[in-house]
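Following: one structure in C-alpha cells, then a few remarks.
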C-alpha cells in the first residue's frame, strides 16, 4: 500500500497497476488529448466564424492572456460534462475534482505566461502552445490525484466555481478592464 509520507515518484505507474483506476486514467489521458486538440482548434474559431458576436463570448477574440484562458475552459468543461455522464457514479467527486483541476490550469496559464515572458522580455508562440499543454496536463492530473485521494470539492462548490469562471468570461469579453491580462502582449 502507498505511504503518503514519501514522495510520489511513481504515481502513474502505480495507478496503472491498480485496476479500479484504469478507466479514470484512460479518461484523463483522453481528456488531455481532446482538450489540447480542441483548444488548439478553438483558437481560430472566432475568426473562422466571420467574427460571430455570439461566439466571441466562448472563443478567443484577441491574443490577450485572458482570452487564451478560454482555450482551456470551454473544451475542458465540455469534456467534463461528457465524462460525468459516461463515468457517472464510478468515481465519487470526479466532476468536482475536475472543476478544481480546471481552476488550477486556468491560473497556471497567466502565471507561466507572465513568468516566462518577463524573463525573456517577449512572448514566444511555441512556448505559448507548450504552456497551454502543460496547463491542460496539470488540470487533468491534479483532478485525477484529487479523485484518487478522495479530496474533491463539495459538488455545490464545484458548480459555483464553474459558474463564476463562466460569468467572468462572459462579463470580461463584453467589457474587458484596461489591465494587462486583458490586452494582447506586445508583438502579438
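The values are calculated or read from the model by the stated rules, or taken from the named source; none is laboratory data. Model, not experiment: these values are computed from the prediction. Here the Cβ positions follow ideal geometry from the backbone for every residue, glycine too, while neighbour counts run over all protein chains shown.
Worth pointing out:
- Checked against the criterion of being surrounded by fewer than 16 Cβ atoms within 10 Å (Cβ to Cβ), within 13 Å of the chain's Cα centre (by Cα) and at pLDDT 95 or above, region 137-147 has no qualifying residue.
- Residue check for residue 174: at pLDDT 90 or above and within 30 Å of residue 122 (Cβ to Cβ): yes
- Check on residue 104, surrounded by fewer than 19 Cβ atoms within 10 Å (Cβ to Cβ), modelled with pLDDT under 95 and under 19 Å from residue 160 (Cα atoms): no
- Test: residue in region 79-89 that is farther than 17 Å from residue 169 by Cβ, buried (at least 19 other Cβ atoms within 10 Å of the Cβ) and without any contact (Cβ under 8 Å) to a residue 24 or more places away in the chain: no
- Some residue of region 176-186 being assigned to a helix (DSSP H, G or I) and within 23 Å of residue 37 (Cα to Cα): no
- Whichever residue in region 107-136 is under 11 Å from the mean Cα position of the chain (by Cα) and within 19 Å of residue 164 (Cα to Cα) and, among such residues, is surrounded by the most Cβ atoms within 10 Å (Cβ to Cβ): 109
- Taken over region 53-99, residues that are assigned to a helix (DSSP H, G or I) and more than 20 Å from residue 136 (Cβ to Cβ) amount to 4.
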